[in-house]
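Chemist: Following this message is one structure expressed as structure tokens.
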């Protein structure tokens, strides 16, 4: 299988969806580069985009139309100012024109240039989209089909993989292989991961880049915990994280995210208070995500709150986190577990339901927390298995096609399950476990294949069809 870096599983991006926002955004960027490579960029006068399957059915609620527009306009999800995510599409809609690649003015009206094919699905994946470029005489000069396969990963039709030609010293395609590498080398999971990451980056760069990931997570939680109001989209969902934060901290004052964390650590909380904080952290991230804010795909946008929430639990309440190095190790372990799920099953809700998002993120967080609390490799893998075992069959049924209900609360539940799974594994003997992580990954994939399409991010089943909304998004 293709080698996957931790930085493939943990990406900085813009909400609300990795498969419906970040992936199409990256596909649009690739299409613009193809036009340049083929010397068709300067001949392009207008562009159209066709969305199929799940991208069509929940595209508006997930911001797919906004994402492809921004990608075509040369904006990048890692660097675009958050306010521009909303303002630029508005300007394009008024002017009926965008600057392709940020340079060339072309005709583009979001109302007539983006086509939603609600009843059609392309054969390779439920998240398919087609870009078309036309010349001044209305001749089609380039067309390309892409698939957003989950977690921000994109493949072009006909591609066999995303290999960059590297060979890892410790290739990992399954939990069993990871366990064997650790046993043979007498190493922890994070040590094996670091050796593999050194194929792409030196250790100092690995640390620096992972701390950048953590910084985005931290700022996202801080923003979510200090922003009141209502989320966009028509469901009239009120933000709750800021109110919870205020009640838990009272009149405590601080000036930034680091002082905020220090204040949380300085206070004593009982079981109930700690649980409220975990839920607050997770919901804060996904409230920012639902508002088209900057988050870390971990491994998806819809599940972006689980790992930050569990990492904050580790930092603030466990008594085991001693500093930056421990945070880096936590993220390396989480990323490796996520890559095993991607290779053996899916991290796309359009393919596997919400078990592929919240379930995978919970498993990633559970393994990372377990090893950082002193658990063995076997116990860490056991924790990941326990977390996923109790998410099997979880459907994806976003009301109105928005990543809000039940998605935001599901992140808090996934975080709590991860911590519970870690605690169970730390008190267990993995040699006596009847279910392995590889077995649960295989089961997850079989469950995904058996799951009815209406429960796979289409908003055609589950809560999505039983809860009335005022302004339908799709």
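Chemist: Here are the criteria: (1) touching a helix residue (DSSP H, G or I) at 6+ places or on another chain (Cβ under 9 Å); (2) closer than 26 Å to residue 125 by Cβ; (3) surrounded by fewer than 23 Cβ atoms within 10 Å (Cβ to Cβ). Tell me which single one residue 38 does not satisfy.
Modeler: Of (1) touching a helix residue (DSSP H, G or I) at 6+ places or on another chain (Cβ under 9 Å); (2) closer than 26 Å to residue 125 by Cβ; (3) surrounded by fewer than 23 Cβ atoms within 10 Å (Cβ to Cβ), only one is false for residue 38: (1).
Chemist: I would also like to ask the following. Looking at 155, 130, 193, 106, which is the one that is under 23 Å from residue 12 (Cβ atoms) and touching a residue at least 60 places away in the same chain (Cβ under 8 Å)?
Modeler: One residue alone meets the criteria, 193.
Chemist: Let me confirm something: among 400, 359, 375, which residue is part of a loop (DSSP other than H, G, I, E, B) and in the same structural domain as residue 445 (by TED's automatic domain parsing)?
Modeler: 375
Chemist: Going through region 196-210 one residue at a time, which ones are out of contact with any helix residue (DSSP H, G or I) (no Cβ under 6 Å at 6 or more places or on another chain) and surrounded by 15 or more Cβ atoms within 10 Å (Cβ to Cβ)?
Modeler: Once the filter is applied, which keeps residues that are out of contact with any helix residue (DSSP H, G or I) (no Cβ under 6 Å at 6 or more places or on another chain) and surrounded by 15 or more Cβ atoms within 10 Å (Cβ to Cβ), region 196-210 yields 196, 200, 201, 209.
Chemist: State all residues of region 139-195 that are surrounded by fewer than 19 Cβ atoms within 10 Å (Cβ to Cβ), in contact with a strand residue (DSSP E or B) (Cβ under 6 Å, 6 or more places away or on another chain) and assigned to a loop (DSSP other than H, G, I, E, B); if no residue qualifies, say none.
Modeler: Across region 139-195, the qualifying residue is only 157.
Chemist: Does residue 363 satisfy the condition of being within 30 Å of residue 204 (Cα to Cα) and buried (at least 22 other Cβ atoms within 10 Å of the Cβ)?
Modeler: yes
Chemist: Filter region 233-244 for residues that are in contact with a helix residue (DSSP H, G or I) (Cβ under 8 Å, 6 or more places away or on another chain), part of a loop (DSSP other than H, G, I, E, B) and farther than 10 Å from residue 287 by Cα and give the result.
Modeler: Selection gives 233, 234, 235.
Chemist: Across region 267-317, what is the total count of residues that are under 11 Å from the mean Cα position of the chain (by Cα), farther than 21 Å from residue 7 by Cβ and part of a loop (DSSP other than H, G, I, E, B)?
Modeler: 0
Chemist: Among the numbered criteria (1) modelled with pLDDT of 95 or more; (2) closer than 30 Å to residue 336 by Cβ; (3) surrounded by fewer than 16 Cβ atoms within 10 Å (Cβ to Cβ), which single criterion is violated by residue 90?
Modeler: Every condition holds for residue 90 apart from (2).
Chemist: Sticking with this structure for a sec: Could you tell me whether any residue of region 304-325 is modelled with pLDDT of 95 or more, farther than 30 Å from residue 266 by Cβ and crowded, with 24+ Cβ neighbours inside 10 Å?
Modeler: No, region 304-325 contains no residue that is modelled with pLDDT of 95 or more, farther than 30 Å from residue 266 by Cβ and crowded, with 24+ Cβ neighbours inside 10 Å.
Chemist: Sticking with this structure for a sec: Please tell me if residue 122 is surrounded by 19 or more Cβ atoms within 10 Å (Cβ to Cβ), part of a loop (DSSP other than H, G, I, E, B) and in contact (Cβ under 8 Å) with a residue 40 or more places away in the chain.
Modeler: So residue 122 fits the description; yes.
Chemist: Consider region 10-43. How many of its residues are assigned to a helix (DSSP H, G or I), within 30 Å of residue 334 (Cα to Cα) and in contact with a strand residue (DSSP E or B) (Cβ under 8 Å, 6 or more places away or on another chain)?
Modeler: The qualifying residues number 12.
Chemist: Determine if region 275-287 includes at least one residue that is out of contact with any helix residue (DSSP H, G or I) (no Cβ under 8 Å at 6 or more places or on another chain) and within 30 Å of residue 59 (Cβ to Cβ).
Modeler: Looking through region 275-287, none of the residues is out of contact with any helix residue (DSSP H, G or I) (no Cβ under 8 Å at 6 or more places or on another chain) and within 30 Å of residue 59 (Cβ to Cβ).
The values are calculated or read from the model by the stated rules, or taken from the named source; none is laboratory data. Predicted, not measured: the structure shown is a model, and the values here were computed from it. Note that we place each Cβ from the backbone using ideal geometry, even for glycine, and neighbour counts take in every protein chain shown.
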